[in-house]
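Following: one structure in structure tokens, then a few remarks.
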Amino acid sequence: MKVWVCTWDPEHTLVRAEAAQAALKDGTIAKLVQKHGNKGPALERALSKKKLVGTGAGMRGDMICRECGALCDEVYSRDGIEDKVEALRDVSQDFDKAITRTRRQRAK
């Protein structure tokens, strides 16, 4: 599975994804959507303020980490992983192997 991760520290993306998963379960996201609507800048700002958004578009349209501002890139997790948070966890645990997998996939 391909996931967008912070190339400086993939843990930044993982922590935010886990927080978003917890916020989805406890109703925090539903409350923000009810308050700010289903789309738009107000909802995005509210999610960002609570650190529930991992990546965003930079000035040139590049994906950047909302934690540190570093560039993000799509990286492959191990085969067989179908859950986004689990894929982020896999990539974060061994980023070197994830980069090697990604290079092999891109070379095909």
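Here, each number is a calculation from the coordinates, and none is a lab measurement. Every value quoted in this text rests on a predicted model; they were computed, and no experiment measured them. Cβ coordinates were reconstructed from backbone atoms using ideal geometry, including for glycine residues, and neighbour counts include every protein chain displayed.
Once you have the Cα-Cα distance between residue 44 and residue 25, take 0.36 nm times their residue separation minus that, and quote the gain in nm to one decimal.
Between residue 44 and residue 25, full extension yields an extra 5.0 nm.
For Rg/Rh (Cα atoms, Kirkwood Rh), several values are listed as (1) 0.95; (2) 1.16; (3) 1.01; flag the one computed from this structure.
Among (1) 0.95; (2) 1.16; (3) 1.01, the one derived from this structure is (3).
Defining a contact as two alpha carbons under 8 Å apart and six or more residues distant in sequence, what relative contact order in percent does the chain show?
RCO, the chain: 36 percent.
Order of 7-20, 65-78, 39-52 by packing, highest average Cβ count within 10 Å first?
Final packing ranking: 7-20, 65-78, 39-52.
Cut-off under 30 Å on the C-alpha distance; same-chain residues fewer than 8 positions from residue 31 excluded. Which lysines are left, in chain and number order?
2, 39, 49, 50, 51, 84
Less than 17 Å from a label point 7 Å out along the Cα-to-Cβ axis of residue 74: which backbone N atoms in the stretch 1-18 qualify, by residue?
1-7
Suppose only helical runs count, i.e. DSSP H with n ≥ 4. What mean residue ellipticity at 222 nm does that imply for the chain under -39500 (n - 2.57) per run, divided by all residues and rounded to the nearest 500 deg cm²/dmol?
-16500 deg cm²/dmol
Between residue 85 and residue 9, what is the spin-label point distance in nm, taking each point 7 Å from the Cα along the Cα→C-beta axis?
Reported label-point gap for residue 85 and residue 9 is 2.1 nm.
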